[in-house]
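Below: the structure, in structure tokens.
The values are calculated or read from the model by the stated rules, or taken from the named source; none is laboratory data. What you see is a predicted model; the values in this text were computed from it and never measured. We place every Cβ from the backbone using ideal geometry, glycine too, and count neighbours over all the protein chains shown.
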Amino acid sequence: MGYYFNKTITDTTFKEAVEKTTQALKKEGFGILTEIDIKTTLKKKLEVNFPNYIILGACNPPFAHKALQVEDKIGTMLPCNVIVREIANSSVEIAAVNPIASMMAIKNEALTGIAEEVRDKLKKAINSL
């Protein structure tokens, strides 16, 4: 099992890809809690050039609440990270963590169903792009 799933799109700018990804996640009940601009951070902290790369911290509150009720330390694994990154040939890759893979580290069977539902919603959002 892979720890992420992804899709590459070519018919959009990087900025538009971030906006489209945010909207697709919103349609599946996710809000964006954090947005980390890796390109800007690396330039500021290390003075290196890096392609456009954003990490979106996506959270679906009902599922986060369910998970917290069955595993009180699950907050260490939240939110679900979704990346939008510029790749060669003016393409943009969108990738999301596979919640099933990250939940394997936790020995709590009650999380399996929740993780499967979150995975399906993340996949639906990404596949809609």
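Given ILE100, ILE114, which one is over 15 Å from the mean Cα position of the chain (by Cα), part of a helix (DSSP H, G or I) and either among the aliphatic types (A, V, I, L, M) or under 17 Å from PRO61 (Cβ atoms) (or both)?
Unique residue meeting the criteria: ILE114.
Scan the stretch 8-28 and give yes if some residue there is over 19 Å from SER128 (Cβ atoms) and either surrounded by 12 or more Cβ atoms within 10 Å (Cβ to Cβ) or of a type outside the set (Gly, Ala, Ser) (or both), otherwise no.
The answer is no, given that none of the residues of the stretch 8-28 is over 19 Å from SER128 (Cβ atoms) and either surrounded by 12 or more Cβ atoms within 10 Å (Cβ to Cβ) or of a type outside the set (Gly, Ala, Ser) (or both).
Could you say which residue among LYS39, LYS66, LYS27 is basic (Lys, Arg) and closer than 15 Å to ARG85 by Cβ?
Criteria check complete, one pass: LYS39.
Which one of these is modelled with pLDDT of 95 or more, surrounded by 14 or more Cβ atoms within 10 Å (Cβ to Cβ), closer than 22 Å to LYS123 by Cβ and in contact with a Leu (Cβ under 6 Å, 6 or more places away or on another chain): ILE54, ILE32?
Criteria check complete, one pass: ILE32.
Looking only at residues in the stretch 30-82 that are of a type in the set (Ser, Thr, Tyr) and in a helix (DSSP H, G or I), which one is nearest to the chain's Cα centre (by Cα)?
Per the stated criteria, the residue is THR76.
Going by the conditions given, is THR13 among the polar types (S, T, N, Q), out of contact with any Pro (no Cβ under 8 Å at 6 or more places or on another chain) and within 23 Å of MET77 (Cβ to Cβ)?
Criteria not met by THR13.
Just to be sure before I move on: is LYS123 basic (Lys, Arg) and either crowded, with 20+ Cβ neighbours inside 10 Å or touching a Phe, Trp or Tyr at 6+ places or on another chain (Cβ under 9 Å) (or both) in the structure I sent?
The answer is yes for LYS123.
If ILE74 meets every condition in (1) surrounded by 18 or more Cβ atoms within 10 Å (Cβ to Cβ); (2) closer than 14 Å to LEU122 by Cα; (3) not polar (S, T, N, Q) apart from one, which number is that one?
ILE74 satisfies every listed condition except (2).
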